[in-house]
Amino acid sequence: MARIAWISKKDVQGKTFDTVVIGGGPAGYSAAVYAKRFLLNTIVIAKLIGGQLTLTDYVDDYPACRKIKATDLVNRFKRHAEDFGVKTYWGDSVESFEKTGDGKLYKITTKKGVELYAKSIIVAVGTKRRKLGIPGEKEFSGRGVSYCSVCDAPLYAGKDSVIVVGGGDAAFEGALLLSGYVKKVYLVHRRKHFRAKPFFVERVLTKPNIEILVDSVLTEIGGDKLVRYAKVKNKITGEEKEINVDGVFIEIGFEPDKEWAVKNGLNVDNAGYIIVDDWMRTNLPGVFAAGDCTNKWPNFRQVVTAAAMGSIAAYSAFNYLQENNLL
Ligand code: NAP
């Protein structure tokens, strides 16, 4: 029998669930799998499925899944949850949640105006892309400025040159991918040391068409209808040069949606990540958080850590529901 894994507005409007998972990435679907294991009536609300996994090419370090295409891994997460009976309300996002009058439930309101109720919530909303904030960045966004090498690299096939900004896994992975499409790739990083895994760094160093510019920052992006140049400044010497490029790929990581978290009463750290304890409990009773949106293991935000956090959050939600006689 065909599975119906998607649900619509009318299936959630006014309904009450044991656990509502907010977010459809590895943390969210892992939480959903475990919540179902605890026989909790669970749904996932997700604007997009896959979270940051949709922005990467292959995943080679998720245990038991050797060199798997990121989109396949996303599907496996989702299908696993679906096989357990989890339904996803997709294409909408949670605007707010607040305790109801009796204090037993949370009323959740979505951007599309749907209202539903949850006995517990698992927040797995991930993070959003960090911007450089330099002249030309906004103006040329989508016209040569990209925030996703994996998504947009093929559009640059045969072009002369591009710049990738950043020193993490995404920048290195992006530079490697682009080096197969474009004649010359400049990798611009603001310091000498790289955050990227040595495996990626070693591979980049073997590519003759990738030039790494360290201690350097972009100061301006310019062009006509499309990006034509970027200005790169060496922070040590102060020298600034204009490089002709067809595209600028900004791969400088992600930041949490601090405003959303604070608005909903969640305590966050200075950077805006939701503060959780070892059991993924937030400051709000019955609200747990998992994955990249939390302050757990900063600088090591991996699929495996997100999935682990999701499972722990579900376990904690189950304990909370039992202890408070909510099941
Ligand atoms: P990241 O690890 O946070 O690295 C961001 C990089 O951008 C850092 O090198 C940082 O410099 C630089 N940066 C930050 N703000 C900047 C600014 N305003 N101007 C210039 N440079 C700036 O982010 P990511 O590379 O996007 O990776 C995010 C997570 O996904 C990581 O956990 C990563 O391991 C994971 N990931 C994994 C894979 C894979 O394994 N296949 C692929 C992609 C991503 P500093 O180093 O100086 O701070």
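Points to keep in mind about this one:
- Ligands, DNA and RNA are left out, and with a 1.4 angstrom probe the accessible area of segment 145-250 is 49 Å² per residue.
- Partner lysines for K183 [C-alpha distance under 16 Å; skip if fewer than 8 residues away on the same chain]: K159, K207
- Kyte-Doolittle mean at least -0.5 and Cα axial length at least 27 Å: DSSP H helices in the chain: 303-323
- Pairs from K15/K131; K107/K131; K69/K263; K47/K184; K67/K107; K131/K235 whose Cα-Cα separation, in the structure shown, is over 30 Å: K15/K131; K107/K131; K69/K263; K47/K184; K67/K107
- FRET E, pair D11, D102, Förster distance 25 Å, beta-carbon r, rounded to 0.05: 0.55
- The mean of 1/r over all distinct Cα pairs in the chain, once inverted, gives the Kirkwood hydrodynamic radius of 21.0 Å.
- Whether segment 145-250 is rounded, prolate or oblate, judged on the alpha carbon gyration tensor where a/c under 1.5 counts as rounded: oblate
- Among the protein heavy atoms of the chain, carbon and sulfur supply 52% of the accessible surface, probe 1.4 Å, non-protein parts ignored.
- Mean-position separation - Cα centroids, segment 206-237 and segment 118-180, in angstrom: 15 Å
- For K233, the lysines whose Cα falls under 17 Å of its own Cα, not counting residues fewer than eight places away in the same chain, are K192, K241.
- The distance linking segment 273-327 with segment 1-53 is 16 Å (Cα centroid to Cα centroid, whole angstrom).
- A straight Cα-to-Cα reach below 20 Å connects K36 with the aspartates and glutamates D11, D18, E82, D83, E323, residues fewer than 8 places away in its own chain not being considered.
- Each residue, D83 and N325, gets one label point 7 Å from its Cα in the Cβ direction; the gap between the two is 3.8 nm.
The values are calculated or read from the model by the stated rules, or taken from the named source; none is laboratory data. A quick note: this is a predicted structure, and the numbers were derived from the prediction, not measured. Reconstructed Cβ throughout: ideal geometry from the backbone, glycine too, with neighbour counts over all protein chains shown. Areas reflect the complete protein model, heavy atoms only, side chains present, ligands, DNA and RNA absent. Shrake-Rupley method; radii C 1.70, N 1.55, O 1.52, S 1.80 Å.
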